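Worksheet: the structure to be examined is printed underneath.
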């Protein structure tokens with residue numbers, strides 16, 4: 001065991017030992033991951049990549065003064081009326097109480113429509129390796145889709161149900 005510890009210490013920082021050094025997270029790195037994963041996406045006017053996964057809209061945001069925060073934000077493909085806000089908040093709160101990811105919430109637009117969102121936000125002040133970045137992006141997509149599928153089961157689309 002002592003020789004194993006010495007080998008790790010002599011090899012340098014852990015990132016170098018694994019052959020990957022954390023680097024700052026950028027929109028370009030996010031786009032490179034999307035490209036390498038074979039995903040189709042677009043880039044908005046702010047330079048943020050985003051697209052449709054399992055019928056839901058997702059955006060990949062690099063935030064903070066120095067790009068130290070990564071956020072994967074998804075939006076449910078349906079809207080609700082303001083009268084359903086209490087029910088929606090109950091579903092979001094129950095999800096947030098039982099799970100770490102994604103954080104879920106509802107926003108009320110000026111016209112009274114309720115939009116339901118899911119986010120995975122991570123502080124990456126010291127950067128991330130390519131593998132870490134890929135895991136975070138995959139986590140944001142997969143857990144967001146799981147939440148939206150849960151919403152679909154709680155609030156079935158009336159057009160999907162036979163009369």
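Read-outs: derived from the displayed coordinates by stated rules, not from any lab. On a predicted model such as this, the values are computed, not experimentally measured, just so you know. Glycine also receives a Cβ, built like all others from the backbone with ideal geometry; neighbour counts cover every protein chain displayed.
Given 10 °C and 1.306 mPa s, compute D for the chain with the Stokes-Einstein relation, Rh being the Kirkwood radius over Cα pairs; round to the nearest whole µm²/s.
D = 89 µm²/s.
Mind giving me the FRET efficiency for residue 46 and residue 84? R0 is 30 Å, r the Cβ-Cβ distance, nearest 0.05 is fine.
0.45
For the stretch 119-133 and the stretch 29-79, compute the distance between their C-alpha centroids and round to whole Å.
Here the two parts' Cα centres lie 14 Å apart.
Can you give the extra length, in nm with one decimal, that the chain gains between residue 57 and residue 131 once fully stretched, where that is 0.36 nm per residue apart less the Cα-Cα distance?
24.3 nm
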